[in-house]
Structures are given as C-alpha cells and as structure tokens.
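We did not get these values from a lab; they are worked out from the coordinates using the rules stated. The structure displayed is predicted, hence computed values, not measured ones. All Cβ positions, glycine included, derive from the backbone under ideal geometry; neighbour counts span all protein chains shown.
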Amino acid sequence: MDLGINLGYWGMGNDADNLELAREADRIGYSVVWAAEAYGSDAATVLAWIAAQTEQIDIGSAVFQIPGRTPANTAMTAATLDTLSGGRFRLGLGVSGPQVSEGWHGVRFGKPLARTREYITIVRKALARERLAFDGEFFTLPLPDGPGKALTLTVHPVRDTIPAYLAAIGPKNLELAGELFDGWLAIFFSPEFASELKANLLTGREKVGKTLEGFDIVPTVPVVIGDDVEACAAPLRAYAALYVGGMGSRDKNFYNQLATRMGYDEAAAEVQDKYLARDIAGAMAAVPLDFIDKTSLIGPPERIKERLHAYADAGVTTLTVATYAGSLADRVATVRTIAELVEEAGLA
C-alpha cells in the first residue's frame, strides 16, 4: 500500500506549511501529493509550484473540475505538468457539483456521466497526439461551418500514458471510473462498506475486459493521532458536517447520499437539516462518532496501525493522508508516523 498526502485547497492560510509537508512526504518516500480546487486557488498552478520544489514524489490533481476547463485545455495542462515534473503528474478529474458548476463556471450540470465519458475520451485523444476531431452531445471538435481545424497537441508528454483518476461517489460514476480510468479518488471511504463500492468499479472494469488488478484505489483519509478517540474526532466534525450537510442542495448532495447508503440515513438527514438551517454547531454535533471513526484514522498509534490492515484488506492501493493536526510540527509528525506505522504493519 503506497502513501499519498492531500494538501486540500491552497490559500487557506497554511501555504508555507503545505509546501513543507510536501517536501517531507517527498523525503520519506510518499508516492504522490494531491492538490484540490473548488472556487479559490486552481490546482494546476499549485502543482507546478510543488513540482519545482520536490524531487521524486508524484503530483496529482484531486481534482481538476470538468466544468472549469475544456478537455483540450486539460490535455494541454496535463502534458505541460508531466513534462515540467519529469513524468510525475497524475490527472484526477471530477464533475464538481451543481452549485459550483452552474454558479461559478456557468456550465449546466445535467448528464454528468455522459459529459465525463466524452471529456476523458477527448483528453486521451489529445494526449495521444491524435488529430483532435470529435462529434458528441457536449463537445464538437472542430466546430462545424467555421474556420476551425482538427489540430494536434504540440507538446510531447514524458510518458506515453498519463494516469487518469476519477473522483466518484455514486454507483454509476464508480462504474465509469472502472471502465475508463486508471484509478478512483475516494472520499469518506469506509473499509466496512468497500465491497459494494468495489463491485461497482468491477462492473465497469468487466465492460472493457479488465479486473481490478493494477487499478489504483485512492481514498483520502483524515488523520488525527492522540490518546482520546473522541477528542481526535472533534477536529473532523466541521469537515464532515460541511460535506454531508452543506455541500450541494438538499436533493443534490452526493456525500449525504453516500452516508445514507452506508447506513447513517437518520444522522445524515439531521446533519443536513441543521446545516441548511445554519445551525453549524448542531450539524457538527449530529455527525456520528462511528461515521468519523469508520472513515478516518483517529486515536493512538497502535489503534491506527491495526486499522491500516482494514484499508489494505479492502483493496486500497494508495492511502492518501489528510492531516488535521494543529501546528506544522504536529502535521509533519503525523506524516512521519503514518509512514512508520505502515512499515511496522508490513503493508509498505
């Protein structure tokens, strides 16, 4: 099981710390560092900055938002980042959500699966340096009845294939990840619920005659190390409440739907009701400790080491750490400790 680190969103007041975390992860052998984007900093610029100041660790977008870039632009960015980093880029994509897609990017959210299918097909054609012609429901290249030409990417990526990942939650999106992508970026991943999610992935893999062998399963897992499990869960309540309760509208919240499928239906409804009523403290308190415990690594080191086996047994191939420790020193210590625990558990 490889290790990654997720730096989250840039520009949140801890940018220098995040660079130090990336450097430390690079030094001790983590395989990848991921950066996110929503409607603040963009991930591509951050990754270029990190790539310039690290040596071996891969850089990955988790994620580039599909509504935020044309597929050709994404191919250009991916090829450039891969070239500048010496072949270290991983392309993570996601459809975002209807509020960001329509409110920030001005792109209709309808039919996200069909849009993603067309999008990754065009990206792969461009990166393969094929002459770019495509006739789909969402994308037509070149535009008809105009001066446009079918062009070829002028940049030569370092590698023949840049690995592509899909951030997916729903069953059909997971199938699509298995069918068309090289890996899956997961959130709120519970080893106890993994069999259902992997079945969806496998359905997609079987459509193209493949198994899960070589497919990268990459959950981002919040980590807080300490003696008291409940106290360790406390810093994660705001994050869980935001996603389960406030990320999207009442009827279009994929994280809430995931929590419901995991068996937390009553709690998920309560968290959403309170969050949408702007009772943030109440929403945070309503997040079940068991939900946080099942989807995070919290508590004493020995407890976390034992829990790591559950992730490996569930098929996780790259466990991505999101540290919620307070100071930079504690965050660096968390990154080091997880690497040591993976080694001690015999999972490295």
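Along the chain, the longest continuous region that contains none of the trypsin sites (Lys or Arg not before Pro) in a DSSP loop with at most 16 other C-beta atoms within 10 Å is 1-107.
Under the classification rounded if a/c is under 1.5, otherwise prolate if a/b is larger than b/c and oblate if not, where does segment 179-227 fall, given a ≥ b ≥ c as square roots of the Cα gyration tensor eigenvalues?
Verdict is prolate for segment 179-227.
Computed from the C-beta positions of ALA348 and TYR39, the FRET efficiency with R₀ = 30 Å rounds to 0.20.
If one takes the longest principal axis of the Cα atoms in the chain, at what angle in degrees, from 0 to 90 and to the nearest 10, does the Cα axis of helix 301-313 lie? Roughly 40 degrees between the two axes. Computed from the C-beta positions of ARG159 and ILE28 and an R0 of 25 Å, the FRET efficiency is 0.50 to the nearest 0.05. For the listed residue pairs LYS210/LYS305; LYS111/LYS274; LYS274/LYS305; LYS172/LYS207; LYS125/LYS198; LYS125/LYS210, the alpha carbons are over 23 angstrom apart in LYS210/LYS305; LYS111/LYS274; LYS274/LYS305; LYS125/LYS198.
Reducing segment 50-117 and segment 176-222 to their Cα centroids gives an inter-centroid distance of 19 Å. The computed Cα extents along the principal axes in Å for the structure shown corresponds, within [x] 65, 44, 42; [y] 87, 55, 37; [z] 55, 45, 41, to [x].
The overall shape of segment 296-348, judged from the alpha-carbon gyration tensor, is prolate: a/c is not under 1.5, and a/b is greater than b/c. Between the Cα long axis of helix 265-276 and the first principal axis of the chain there is an angle of about 80°, rounded to the nearest 10. To the nearest ten degrees, helix 328-344 and the longest principal axis of the Cα atoms of the chain are 90 degrees apart.
Close amide-amide hydrogen proximity is noted between ALA322 and ASN6, VAL221, VAL223, each under 5 Å apart and 5 or more residues distant or on a separate chain (H modeled in the peptide plane; Pro and chain starts excluded). Taking each DSSP H run with n ≥ 4 as -39500 (n - 2.57) and averaging over every residue of the chain yields -13500 deg cm²/dmol at 222 nm. Across the chain, the mean sequence separation of Cα contacts (distance under 8 Å, 6 or more residues apart), normalised by length, yields a relative contact order of 17 percent. As a proxy for reagent exposure, PHE193, PHE188 were ordered by neighbouring Cβ count within 10 angstrom, fewest first; the result is PHE193, PHE188.
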